[in-house]
Amino acid sequence: MPNPHSDALVFFGATGDLAYKKIFPALQSMVRHGKLDVPVIGVAKAGWTLEQLKARALDSLRTHGGVDEVAWPKLAALLSYVDGEYGDLSTFEAIRKQLGSAQRPAHYLAIPPVLFGTVVEQLVKADCATNARIIVEKPFGHDLQSAQELNRILHTFFDESAIFRIDHYLAKNSVYNLVSFRFSNAIFEGLWNRDHIESVQITMAEDFGVQGRGAFYDATGTIRDVVQNHIFQVLSNLTMEAPARNDSESLRDEKVKVLKSIPPVTANNLVRGQFEGYLNEPGVRPSSTTETFAALRIDINSWRWQGVPFFIRAGKNLPTTCLEVMARVRRPPITDVSPESTPQNYLRIRLNPEMAVAVALSATPATGAKRQLVELVAAQHSRPAEMEAYERVLSDAMAGDATLFARQDYVEEAWRIVDPVLKQDTPVLPYAPHTWGPAHVDDIICPPGSWHNPHSGETEQVRVVQPVRPA
Ligand code: BG6
């Protein structure tokens, strides 16, 4: 059978934060949707009992999405718990015992990458690795070298086809649908190249800080936390060529090809910022130079994109929470009016918190009136919660569908692009919370026509966005 379903789920880190916020709600949804009816074994070193784990799961559901009176009892019945050290073989022998007759378990490592090596080695020793799948959480490594080392460790025991590297952005409906949106709408795809697009901006803004994750964040920073993974996934979905075939490897091949055409980011194409007050966050080092904001320019040296700059901006404590792509279209060769009085067309794709596609057109509302930029908005207001992304990735991994996971070569290419500049210790500029980053970003990196600052709130179906200034 090509892709047999996993017949048990073992998740390491069962008492941790991720389990509490995302994994239990996802497991409950999987049960509700008929995607999970195999043993679920939580593993951690907390000195807990199964009853304590169930109490924690219930609390997690109450806080994150609610308890489903039908699905929760079913999930509780599937749940078991192994408490023990990851370095201790007896922990893994206990897992093997709990697995019972299961022959194809999926092992989900919701634990720090530094423990991956120990865990996979013990899984092999305790005979839990045969026909198994390994699901790993981001961040996948800290730089290119550590990612290569993690890959080496995993590949010692597992084939690439059995390794599922999670990037939950890949499973967000809006991000995933970018590919089908592009290739099923010839009206856009014809414009979507260097002949018509002048520049592209991708902004991932969050209006909150590090939310108690100071220690993690301080060792990570914006580029490692969201740019190298989440934003690059958006970037590659936006810029890849159509896959030759409709299978996971053809799609992943195209994504890797895009990254291969991107040269490493240089120091003069990066601004790093840190919000004022960050140094007082618990867990943050007193003189930390970790960035909580990054703006960078990326070039894609492909036939489609050569000469079109891509500007990426991401950060904590910005004015709004939003993920938005904005592509400015080259101006037409109008001769009767000055370019300044012809507002520039653009395409705006909002991916979070709601999904929307908007096209900004230059229109003359009445005879003799000045041109105005009018946005035609096709908005879809369903908000795919992150929980759904986790439900999807766990279900897909257990079903052996690798489409929504980062392949080894992709992860390493993504690190290659940011690794050199991360090691250069570039300056970190302060910014006031709830502003669009350091005051001088625009002096260093500024897209043609300026940065586009997404606003919060849903968009109207048609709106005038930029009345033309009087001549
Ligand atoms: C996580 C990052 O991977 O993604 C967080 O560690 C970030 O810092 C989060 O806030 C954003 O995810 P979402 O789904 O809330 O947009």
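Any residue in region 417-430 that is without any contact (Cβ under 8 Å) to a residue 40 or more places away in the chain and not in a helix (DSSP H, G or I)? Spell out the reasoning first.
Keep residues of region 417-430 that are without any contact (Cβ under 8 Å) to a residue 40 or more places away in the chain, which gives none.
Checking region 417-430: not a single residue is without any contact (Cβ under 8 Å) to a residue 40 or more places away in the chain and not in a helix (DSSP H, G or I).
Hey, could you check region 197-210 for residues that are under 26 Å from HIS142 (Cα atoms) and among the acidic types (Asp, Glu) and say which is farthest from the ligand (Cβ to nearest atom)? Talk me through it step by step, then tell me what you get.
Restricting attention to region 197-210, the residues satisfying the condition of being under 26 Å from HIS142 (Cα atoms) are 201-210.
Keeping just the survivors that are among the acidic types (Asp, Glu) gives 206-207.
Working: GLU206: 6, ASP207: 11 Å.
Looking at the filtered set, the residue picked out is ASP207.
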> Only one residue in ARG182, ARG194, ARG213, ARG152 is without any contact (Cβ under 8 Å) to a residue 12 or more places away in the chain and either surrounded by fewer than 19 Cβ atoms within 10 Å (Cβ to Cβ) or away from the ligand (no atom under 13 Å from the Cβ) (or both), so which one is that?
Replying inline: ARG152
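Looking at PHE188, PHE116, can you tell me which residue is out of contact with any Gly (no Cβ under 7 Å at 6 or more places or on another chain) and under 23 Å from LEU18 (Cβ atoms)?
On the way: PHE188 fails: under 23 Å from LEU18 (Cβ atoms).
Answer to the check: PHE116.
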> Of (1) in contact with a helix residue (DSSP H, G or I) (Cβ under 6 Å, 6 or more places away or on another chain); (2) free of Cβ contacts under 8 Å to residues at least 40 places away in the same chain; (3) over 27 Å from ALA44 (Cα atoms); (4) of a type in the set (A, V, I, L, M, F, W, C), LEU144 satisfies all except one. Which?
Replying inline: (2)
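From the residues in region 255-305 that are of a type in the set (D, E, K, R) and crowded, with 18+ Cβ neighbours inside 10 Å, which one is nearest to ASP143 (Cα to Cα)? Explain how you work it out, then say what you get.
First pass over region 255-305, keeping only residues of a type in the set (D, E, K, R): 255, 257, 260, 272, 276, 281, 285, 291, 297, 299, 304.
Subsequent filtering for residues that are crowded, with 18+ Cβ neighbours inside 10 Å retains 255, 272, 281, 291, 297.
Working: LYS255: 20, ARG272: 17, GLU281: 25, GLU291: 16, ARG297: 19 Å.
Step by step, filter region 255-305, then rank; the result is GLU291.
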>> Could you go through region 160-167 and let me know if any residue there is surrounded by fewer than 22 Cβ atoms within 10 Å (Cβ to Cβ), among the hydroxyl-bearing types (Ser, Thr, Tyr) and free of Cβ contacts under 8 Å to residues at least 12 places away in the same chain.
In response: no
>> Return the residues of region 360-373 that are surrounded by fewer than 18 Cβ atoms within 10 Å (Cβ to Cβ) and either small (Gly, Ala, Ser) or assigned to a strand (DSSP E or B) (or both); say none if nothing qualifies.
In response: LEU361, ALA363, ALA366, GLY368, ALA369, GLN372
> Taking region 126-141 only, how many residues are touching a Phe, Trp or Tyr at 6+ places or on another chain (Cβ under 7 Å), away from the ligand (no atom under 16 Å from the Cβ) and either of a type in the set (A, V, I, L, M) or without any contact (Cβ under 8 Å) to a residue 40 or more places away in the chain (or both)?
Replying inline: 3
>> Could you list, ordered by first residue, the pairs with Cβ atoms under 6 Å in which the first is in region 308-327 and farther than 24 Å from THR266 by Cα and part of a strand (DSSP E or B) and the second is of a type in the set (A, V, I, L, M) and more than 15 Å from the ligand (Cβ to nearest atom), at least 6 apart or interchain?
In response: none
> Here are some conditions: (1) within 16 Å of the ligand (Cβ to nearest atom); (2) modelled with pLDDT under 95; (3) of a type in the set (A, V, I, L, M). VAL337 meets all but one. Which one does it not meet?
Replying inline: (1)
>> If I filter region 235-254 for residues that are within 16 Å of the ligand (Cβ to nearest atom) and in contact (Cβ under 8 Å) with a residue 60 or more places away in the chain, do I get at least one hit?
In response: yes
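Considering only region 364-373, state which residues are farther than 13 Å from VAL329 by Cβ and in contact with a Pro (Cβ under 9 Å, 6 or more places away or on another chain). Walk me through it before giving the result.
Initial filter on region 364-373 (farther than 13 Å from VAL329 by Cβ): 364-372.
Those that are farther than 13 Å from VAL329 by Cβ and in contact with a Pro (Cβ under 9 Å, 6 or more places away or on another chain): LYS370, ARG371, GLN372.
The rows are residues; the columns are (1) under 24 Å from ALA129 (Cβ atoms); (2) touching a residue at least 60 places away in the same chain (Cβ under 8 Å); (3) assigned to a helix (DSSP H, G or I).
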{"site": "PRO4", "(1), (2), (3)": "yes, yes, no"}
{"site": "THR15", "(1), (2), (3)": "yes, no, no"}
{"site": "ILE23", "(1), (2), (3)": "yes, yes, yes"}
{"site": "LYS35", "(1), (2), (3)": "yes, yes, no"}
{"site": "VAL38", "(1), (2), (3)": "yes, yes, no"}
{"site": "LYS54", "(1), (2), (3)": "no, no, yes"}
{"site": "ASP59", "(1), (2), (3)": "no, no, yes"}
{"site": "GLU69", "(1), (2), (3)": "no, no, no"}
{"site": "THR91", "(1), (2), (3)": "yes, no, yes"}
>> Let me spell it out: the conditions are (1) in a helix (DSSP H, G or I); (2) farther than 17 Å from SER174 by Cα; (3) more than 13 Å from the ligand (Cβ to nearest atom), and ILE223 meets all of them except one. Which number is the exception?
In response: (3)
>> Residues that are closer than 20 Å to GLN233 by Cα and under 18 Å from the mean Cα position of the chain (by Cα): does region 184-201 have at least one?
In response: yes
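The values are calculated or read from the model by the stated rules, or taken from the named source; none is laboratory data. What you are looking at is a predicted structure, and each value in this text was computed from that prediction instead of being measured. Cβ: placed from backbone, ideal geometry, glycine included. Neighbour counts: every protein chain shown.
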